[in-house]
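Note sheet for the following structure.
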Amino acid sequence: MLHFKTIIEPFRIKSVEAVKFTQRGERESALAEAGHNVFRLRAEDVLVDLLTDSGTGAMSAAQWGAIMQGDESYAGSRSFFRFRDVVQDLTGYRHIIPTHQGRAAERILFHSVLEEGDVVPNNNHFDTTRANVEVEDAEARDLVIPEGRVPALVHPFKGNVDLGRLEQALAKDGDRIPLVMVTVTNNSGGGQPVSLENLRGVRRLCDRYHKPFFLDACRFAENAYFIKLREPGQSGRTPKEIAQEMFALADGCTMSAKKDGLANIGGFLALNDDAWAERCRNLLILTEGFPTYGGLAGYDLEAVARGLEEVVEEPYLRYRIRSIEYLHERLVAAGVPVIQPAGGHAVYLDARALLAHIPPLQYPGIALANALYVEAGIRAVEIGSVMFGLQPDGTEKVPAMDLVRLAIPRRVYTQSHIDYVAEAVIGLAGMKDRLRGYRIAKAPATLRHFTAVFEPLAA
Ligand SMILES: Cc1ncc(COP(=O)(O)O)c(C=O)c1O
C-alpha cells in the first residue's frame, strides 16, 4: 500500500477567476498612488492577495446552490430558520442574532452591556474588538500567556489565557468586568489556538466570579482541529464534537462568518441570557435590520448555514491546517523569522526580527509588506506598531511584536501559488538591508491602519 505525504486540495475547481500580472514599475506607481498603504491599492493590481482570510474564501457548489434557495422575506424567512438551526446545533445557544459581519456583533454586544470604565479581559483583542470596547470608554485588557508573546517559542496552545492574571483581574476589578472573552484562534497573537483545558479554566473562574464568558469564535473550526491534533485525549473526536464542547463552555459568542463560516459576508451574535439578548435585538433593529435577517440577505444566511456545515469536515480542516504549515515549513527552512508554530489561517513574519535596522516606530511591518508588493505583487498586512501602537490619548506605544501576516484565503489558492509566495519571501529576506522605514503622513484617530498615508524615509 502506498503512503502519501502530499495532502492535496480536497476539491476540484469548476470555476476560475483570472489574475493580472504586472511589472515592478507598475506596482511601484500603484503603491505610491495608494499612499504606500496596501489597503488603498486596487485589488486587481495584486497577484496573490493575502491581505486577509476574511470574506475572501471560495464558496462550494453546494453554497452557491443554497444561495438560489434564499428566502428574501423581510420577517420570518425560511433561510433564517435554516441558519438558526445550524448555528444552534453547533453552539447550543438560545438566542441567535444574525449580523452583517463580526464587528457588528461586537458593537451590538458591547454597546448593550458595557459602561464607561468597564474592563473586558481577552487573550488578545482583535483590532475591531478592541476598538468596539474602547469606543464605549472601556478597557480592552489582553491576558494571553507569556509564551504567546514570544514569536520564536514553540508551544501547542499559544493562544491560551493566563489564568493567574485573569483571576487577579477578576479579584481586583471584578465589579468593572461585565464579561470575559476568549478569541479562538487568537488572530492578533499569530492565529494560535486555545486548548479545551484552558477554556475549562476560564469557565471555572467565570463561575467563581459570576461572569458571563463569550468566545470570539471567528476561527472556531481551525481551533477545534488544533485541539484534535495537539490536546491529549482529543484525537478520536470529530472537529464538530470538539467545537460543540468549546461553545458549551461559554455563554455566548460573537462570530464573523467571513472566516470559518466559509462565506463572503455575514456573522452573528449568539447567547443564552434573555435580558442581554433582548437589549441586543433592540439595538440590532435600530442599526442592522429585523432580527431574522440582521443586515443580511436571505441568500447570505443560506451560504453561511451551509458553510458552517462544511467547515467542520475533517478533509477540509486537514488540508487547511496542513497547507498553512507547508508555507511555514518552507520559510523556517530558509531561516526567515516567523511566529512559531504555524497559525491556523496565516503565517506571520517577524518583521521586527528580520528588519532589525528599522526601529518599531519607523514601522518595519509596513516596510516588509510594501516590499513584498513591489517585488512580487503579493499583498500582506502589517500587524504591529501601526495597527496597535496608537493609544486612546493619541500617543504611540510600541506593541509586543511587529508582524506581517500572510493570511491564506480558504479554498482559493493552489500549492503553486503558495510556492511562489515562499520564493518571494525568501528572496526578499535576502535583500532585507535595502529596505527602509516609513513615517505616517496622515491617519485617522481610530483603526488608522486601514486608511493611513505613509511616506518612505530616505536611505
Ligand atoms: C478574531 C477576530 N475577531 C473579529 C473580527 C471582525 O470580523 P469582521 O471583519 O467580520 O467584522 C475579525 C476579523 O478579521 C477577527 O479576526
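Taking residue 455 and the conditions (1) assigned to a helix (DSSP H, G or I); (2) closer than 16 Å to residue 38 by Cα, which numbered condition does it fall short on, given that it satisfies the others?
The number of the failed condition is (1).
Does at least one position in the stretch 209-226 carry a residue that is within 16 Å of the ligand (Cβ to nearest atom), open to solvent by 30 Å² or more (accessible area, probe 1.4 Å) and out of contact with any Asp or Glu (no Cβ under 6 Å at 6 or more places or on another chain)?
Looking through the stretch 209-226, none of the residues is within 16 Å of the ligand (Cβ to nearest atom), open to solvent by 30 Å² or more (accessible area, probe 1.4 Å) and out of contact with any Asp or Glu (no Cβ under 6 Å at 6 or more places or on another chain).
Exactly one of these conditions fails for residue 344: (1) open to solvent by less than 50 Å² (accessible area, probe 1.4 Å); (2) of a type in the set (Gly, Ala, Ser); (3) farther than 30 Å from residue 261 by Cα; (4) in a loop (DSSP other than H, G, I, E, B). Give me its number.
(3)
Search the stretch 415-427 for residues that are under 20 Å from residue 337 (Cβ atoms) and at pLDDT 95 or above and pair each with any residue that is in a helix (DSSP H, G or I) and small (Gly, Ala, Ser) when their beta-carbon atoms are under 7 Å apart and the residues are at least 6 apart or on different chains.
Close Cβ pairs satisfying both conditions: 418/323; 424/376.
Please specify each residue of the stretch 249-292 satisfying the condition of being open to solvent by 10 Å² or more (accessible area, probe 1.4 Å) and in a helix (DSSP H, G or I).
Correct list: 249, 274, 275, 276, 278, 279, 281, 282, 283, 285, 286, 287.
Out of curiosity, is residue 130 within 12 Å of the ligand (Cβ to nearest atom) and open to solvent by 20 Å² or more (accessible area, probe 1.4 Å)?
Details: within 12 Å of the ligand (Cβ to nearest atom): yes; open to solvent by 20 Å² or more (accessible area, probe 1.4 Å): yes.
Yes.
I'd like the residue in the stretch 14-33 that is in a loop (DSSP other than H, G, I, E, B) and touching a residue at least 40 places away in the same chain (Cβ under 8 Å) and, out of all such residues, is least open to solvent (accessible area, probe 1.4 Å). Before the answer, list the steps.
Of the residues in the stretch 14-33, the ones in a loop (DSSP other than H, G, I, E, B) are 14-23.
Filter once more, keeping what is touching a residue at least 40 places away in the same chain (Cβ under 8 Å): 14, 21-22.
Details: 14: 180, 21: 159, 22: 27 Å².
Out of the qualifying residues, it is 22.
Condition first: surrounded by 20 or more Cβ atoms within 10 Å (Cβ to Cβ), more than 16 Å from the ligand (Cβ to nearest atom) and under 30 Å from residue 333 (Cα atoms). Now tell me which residues in the stretch 133-156 satisfy that.
Passing the criteria: 145, 151.
Looking at 184, 113, 180, can you tell me which residue is within 15 Å of the ligand (Cβ to nearest atom) and crowded, with 20+ Cβ neighbours inside 10 Å? Walk me through how you get there before you give the answer.
Details: 113 fails: within 15 Å of the ligand (Cβ to nearest atom); 180 fails: within 15 Å of the ligand (Cβ to nearest atom).
From the options 184, 113, 180, the qualifying one is 184.
Could you run through the stretch 234-253 and say how many residues are touching a Ser or Thr at 6+ places or on another chain (Cβ under 8 Å) and either within 14 Å of the ligand (Cβ to nearest atom) or without any contact (Cβ under 8 Å) to a residue 12 or more places away in the chain (or both)?
So the count comes out to 1.
So if I check each of 73, 79, which one is among the small types (Gly, Ala, Ser), in contact with a helix residue (DSSP H, G or I) (Cβ under 8 Å, 6 or more places away or on another chain) and buried (at least 19 other Cβ atoms within 10 Å of the Cβ)? Lay out the reasoning, then the answer.
On the way: 73 fails: buried (at least 19 other Cβ atoms within 10 Å of the Cβ).
Result of the check over 73, 79: 79.
Would you check which residues across the stretch 34-66 are buried (at least 18 other Cβ atoms within 10 Å of the Cβ) and not in a loop (DSSP other than H, G, I, E, B) and list them?
38, 45, 48, 49, 63, 66
Filter the stretch 187-206 for residues that are out of contact with any Lys or Arg (no Cβ under 8 Å at 6 or more places or on another chain) and near the ligand (Cβ under 9 Å from one of its atoms) and give the result.
Correct list: 188 only.
The values are calculated or read from the model by the stated rules, or taken from the named source; none is laboratory data. Bear in mind the structure is a predicted one, so any value in this text is a computation, not a measurement. Glycine gets a Cβ as well: all are built from the backbone with ideal geometry, and neighbour counts include every protein chain shown. These accessible areas exclude ligands, DNA and RNA; they are computed on the full protein's heavy atoms, side chains included. Shrake-Rupley method; radii C 1.70, N 1.55, O 1.52, S 1.80 Å.
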